[in-house]
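Reviewing the structure listed below.
Bear in mind that the values in this text are calculations on the coordinates, not laboratory data. The shown structure was predicted, so the numbers you read here are calculated from the model rather than taken from an experiment. Cβ sites come from the backbone with ideal geometry, for glycine too, and all protein chains shown count toward neighbours.
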There are 2 protein chains.
Amino acid sequence: MVQIPKTPASAPPAPTRSVPTSADVARLAGVSRATVSYVLNNAGAVRISEPTRRRVRDAARELGYVPHAAARSLRAGHSRTVLMPAPAFPVGPLYSQFINELQAALARLDYTVVQYGTSGVHDDEAARAWAELRPVAVLVPGSGLGPRGVDVLKRAGARAVVTLGPEAVEGAHALLMDHDVVGHSAGAHLFDRGRRRIGVIVPREPGLEAFSAPRLAGVRAALRGTDATVTELPLAADEGAAARLAARWRDLGLDAVFTYNDEYAMLLMRALQDEGVRIPEEAAVVGADNLMLGRLLRPRLSTVHLDLPCGRELAGLVDRAVRDPAAAPEAHKALGASVVRRESS
Amino acid sequence: MVQIPKTPASAPPAPTRSVPTSADVARLAGVSRATVSYVLNNAGAVRISEPTRRRVRDAARELGYVPHAAARSLRAGHSRTVLMPAPAFPVGPLYSQFINELQAALARLDYTVVQYGTSGVHDDEAARAWAELRPVAVLVPGSGLGPRGVDVLKRAGARAVVTLGPEAVEGAHALLMDHDVVGHSAGAHLFDRGRRRIGVIVPREPGLEAFSAPRLAGVRAALRGTDATVTELPLAADEGAAARLAARWRDLGLDAVFTYNDEYAMLLMRALQDEGVRIPEEAAVVGADNLMLGRLLRPRLSTVHLDLPCGRELAGLVDRAVRDPAAAPEAHKALGASVVRRESS
């Protein structure tokens, strides 16, 4: 770790000044506070002459005044803030991209997306912390919000609560991200390739259970009623753990493995290869996420491609829900999956 | 892309209710609004009996009232919000971990960290958008904030502005993250290994210039005055581009390459190996970031380990600055680098 010492830089202390208010701007521009508010908040419906607008803007610039988002939302009774609690799980590149798209799409609809970390706070307590920010909409990734939490948020003025998770929550719109389909695709693919004794990696990394459990269940569901068996393989994200699993591979009597994602696939493939286990002959391997690294591995990695909802459409759903808060909650299946077969299976 | 259809779920419409206020809580509990505020905002200095506290809390729960963070910050004159604009560059796992640590450390100091995406907005315009949220402190990753932006934020009441970037900005505290040292370490290492014709990968991915330019400059600085040459190698993050570069490798007459980071190293190593170029004999390769994937490559990847500031210390710096807004801006070198030599160099 780099230590941060306490030596001051050479610049002189900044003078402390009082924060300018809209009253200061009104005084300098010679207009009412209401006029300042209309001009700086772009209230289009109010007719104000261009010279007056310019005078207000010049005064604001001179004083260094910017409108106060909180004051504006207090006056309006609601904000344009969409709150998105930061997810409690490690975020991969695929999910990051989805979030970025969504934020950009909401920004184009004139919402402000705020990500808010509430690590260590759960369920109703988290909902209360979110409600304090008086968001107009809340988008909750993962599980952890119950019907009471939804109620707390709505009572605090949230017009729309949208969950992104495996199950719908009463009172909230739901984008059903059931990772069951990911495991189902992988299991069905391995069965089609003639494999019958299938291992499933379950990461030990905290925060991933919400994804790994349904993926495992999906593999089981795909193989139900067949002669294939499913073996759960817990694995930590480190080379030692992977080497130990690879050393046991032949004793386990398995002929295939679904590795949860491409990164665990890379880890396990390396360990299997170091152990002399041939891929795919002795171990067919399927990852998930379809990252570029899978194409760089040898043999090239088969993977499950996840089809996430499009950020623009989700932004549209949020906007419709905000405009019509009394509408019935909608639930949409929002996760598709398909196997990209390469050389490892 | 998964399409989001517009079929409603089966749940009935939620009734719209008016948002309860602290006045409603006061009425139900039979106390003043000030008492409600003292109890729910945990103002420890005010003596209120436990039965009264309980009555207020019960009334708040019954009505579904939560305090309004914006109203509280308007009363207090400032918030406990630390604003951290979302970075405009693709974030790797190392940086994510740093941000997570920092958020947790600030939360323990009772700050609320809000990440706020302002993509497409730059410089002073961005500073005004951030100022509207009246944060008590602003932590700006990367470049893009000038002295005028710092002034806008301070006039809007921000007690501390901290930049994390290559250069200090007038009026703001600076954590100097000069990526020069990363390139310097890589260049010096390759020179020590006897290499004299050194290529440097410069990613074409947008948003990375702020890192790639100083890393390249660092390699040049390390080799200045020696007989070694430095060749800039622009590279897009795709296999086709890597294959084309690998096909030209022997014509380039280079004997080593610093690949910007470990992910580009993986991409280029695969392409070089597919081309039959021996690593490290014909091309010594050094990455950066010290990701696990480097240990999984064969030959194992040499890399530059980045030593980022510790989240807890940075949180301490923010807190000191908030408590003493008139103090002189501090500037700290906050990036260390050391080479982890493995088999590729």
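Before moving on, here are some points about what is shown:
- Relative to the longest principal axis of the Cα atoms of chain A, the long axis of helix A:209-223 makes an angle of roughly 40 degrees.
- Cα-based helix-to-principal-axis angle, A:311-323 vs chain A, degrees rounded to 10: 50
- Chain B, helix-only ellipticity at 222 nm - DSSP H runs n ≥ 4, -39,500 (n - 2.57), divided by all residues, nearest 500: -13000 deg cm²/dmol
- The overall shape of the stretch B:197-251 is oblate: from the C-alpha gyration tensor, with semi-axes ordered a ≥ b ≥ c, the ratio a/c is 1.5 or greater and a/b is no larger than b/c.
- Antiparallel %, DSSP beta bridges [both residues in chain B], to 5: 10
- Mean separation of Cα pairs under 8 Å and 6 or more residues apart, divided by the residue count, gives the stretch B:180-307 a relative contact order of 26 percent.
- When you restrict to C-alpha pairs under 8 Å that are six or more residues apart and normalise by the size of chain B, the relative contact order lands at 14 percent.
- Computed across the stretch B:250-294, the Kirkwood hydrodynamic radius from all distinct Cα-Cα pairs reaches 10.6 Å.
- Taking a ≥ b ≥ c as the square roots of the eigenvalues of the Cα gyration tensor, the stretch A:22-67 is prolate, since a/c reaches 1.5 or more and a/b is larger than b/c.
- Highest to lowest packing among A:180-188, A:231-239, scored as the average C-beta count within 10 Å: A:180-188, A:231-239
- Least to most buried among A:Val114, B:Val277 (fewest other Cβ within 10 Å first): B:Val277, A:Val114
- Near the amide H of A:Val161, within less than 5 Å, lie the amide hydrogens of A:Val138, A:His173, all on another chain or at least 5 residues away, with H placed in the peptide plane.
- For A:Asp178, residues with placed amide H under 5 Å, excluding near neighbours: A:Ala334, A:Leu335
- Between 0 and 90°, nearest 10: helix A:50-63 axis offset from chain A longest Cα axis: 70
- Spherically averaged projected area in nm², based on the convex hull that wraps the Cα atoms of chain B: 24.4
- Distance between the stretch B:208-276 and the stretch A:224-248 - C-alpha centres, whole angstrom: 37
- For the stretch A:284-292, 3J(HN,Hα) per residue [Karplus equation, 6.51 cos²θ - 1.76 cosθ + 1.60, θ = phi - 60°, Hz, x = Gly/Pro]: 6, 10, 10, x, 7, 3, 6, 7, 4
- Per-residue Cβ neighbour counts within 10 Å put B:Glu313, B:Glu62 in the sequence B:Glu62, B:Glu313, beginning with the fewest.
- In terms of surrounding Cβ atoms within a 10 Å radius of their Cβ, B:Met292, B:Met84 rank from fewest to most as B:Met292, B:Met84.
- Of all DSSP beta bridges in the protein assembly as shown, antiparallel share, percent nearest 5: 15
- Rounded, prolate or oblate (a/c below 1.5 giving rounded, otherwise prolate when a/b exceeds b/c) for the protein assembly as shown by Cα gyration tensor: oblate
- Partner chain coverage, peptide B:129-141 - average Cβ within 10 angstrom: 3
- Over the stretch A:22-67, relative contact order from alpha-carbon pairs under 8 Å, at least 6 apart, %: 47
- Averaged over the residues of peptide A:322-329, the number of Cβ atoms from other protein chains lying within 10 Å of each residue's Cβ is 3.
- The string of couplings for the stretch B:187-204 from the Karplus curve (6.51, -1.76, 1.60, θ = phi - 60°) is x, 5, 4, 5, 4, 4, 7, x, 8, 10, 10, 10, x, 10, 6, 10, x, 8 Hz, one whole number per residue in order, with x for Gly and Pro.
- Partners for A:Lys154 among aspartates and glutamates (Cα-Cα distance below 18 Å; same-chain residues under 8 apart left out): A:Asp123, A:Asp124, A:Glu125, A:Glu132, A:Glu170, A:Asp319, A:Asp324, A:Glu330, B:Asp24, B:Glu62
- Quarter of Cα convex hull surface for the stretch A:202-345, i.e. mean projection, nm²: 10.8
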